[in-house]
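Novice: Handing you this structure, nothing more for now.
Every number here is computed from the coordinates shown, using simple stated rules; none is lab data. All values reported here derive from a predicted model rather than from experimental measurement. Neighbour counts are summed over all protein chains in view; Cβ atoms, including those assigned to glycine, are modelled from backbone coordinates with ideal geometry.
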Amino acid sequence: MDNFEGLDEVFETTADIVAPQEEVKAKKPPIKEDKDDVESDYEYARSNLYLLVDKGQEAINGALDLAMSSDHPRAYEVAGQLIKHVGDVADKLMTLQKDKKSVREEKKSGPTNVTNALFVGSTADLQKMLKDASKKKDK
């Protein structure tokens, strides 16, 4: 540090030691308290896909302008790939809709209470089970 002491005087600064900053954590999606996890995840994924489509449209416009001005085959190839990728993202939006509907149907379908139980076994097994149950009840 002795080599840099003269620099503080020249630049009229002070040598302060700064504590390291905390790590920047990944930004979490805003979660609405009144919605369940599936709904909030759906909204987050949907907003990200819309952003990707918007950015892709901007990139396509720029790539097409460049391709038209340069008449270079590679520029047209890149523009075509961008168009394909934006189309794929649009397909993902539709798939996301279908997935959300299927998750909702899974929640609604299926019995919540079983009112009739079915015994699978022989008559002898049933009699033995009933006999054991009556012995336990008598105790």
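Novice: If packing is taken as the average count of other Cβ atoms within 10 Å, what order do 65-71, 83-89 fall into, highest mean first? It would help to have the intermediate numbers written out before the result.
Specialist: Values: 65-71: 11.9, 83-89: 14.1.
Top of the packing list down: 83-89, 65-71.
Novice: From the backbone phi of the range 6-11, what are the Karplus-calculated ³J(HN,Hα) couplings (6.51 cos²θ - 1.76 cosθ + 1.60, θ = phi - 60°) in whole Hz, Gly and Pro given as x?
Specialist: x, 5, 4, 5, 5, 8
Novice: Continuing with this model, one more query. Hey, could you grab the Kirkwood Rh for the range 33-103? Inverse mean 1/r over distinct alpha carbon pairs, Å, one decimal.
Specialist: On the way: mean 1/r = 0.0730 Å⁻¹.
In the range 33-103 this quantity evaluates to 13.7 Å.
Novice: Please identify which residues in the range 89-104 have an amide N closer than 20 Å to a label point set 7 Å out from the Cα of Q57, following the Cα→Cβ vector.
Specialist: 89-97
Novice: Given a Förster radius of 22 Å and the C-beta distance between Y44 and A90 as r, what FRET efficiency does 1/(1 + (r/R0)^6) yield to the nearest 0.05? Can you show the working numbers first?
Specialist: Values: r = 18 Å, r/R0 = 0.81.
Using R0 = 22 Å, I get an efficiency of 0.80.
Novice: Just need the relative contact order of the range 33-103 here, percent rounded to a whole number, with Cα pairs under 8 Å and 6+ apart.
Specialist: Rounded, it is 40 percent for the range 33-103.
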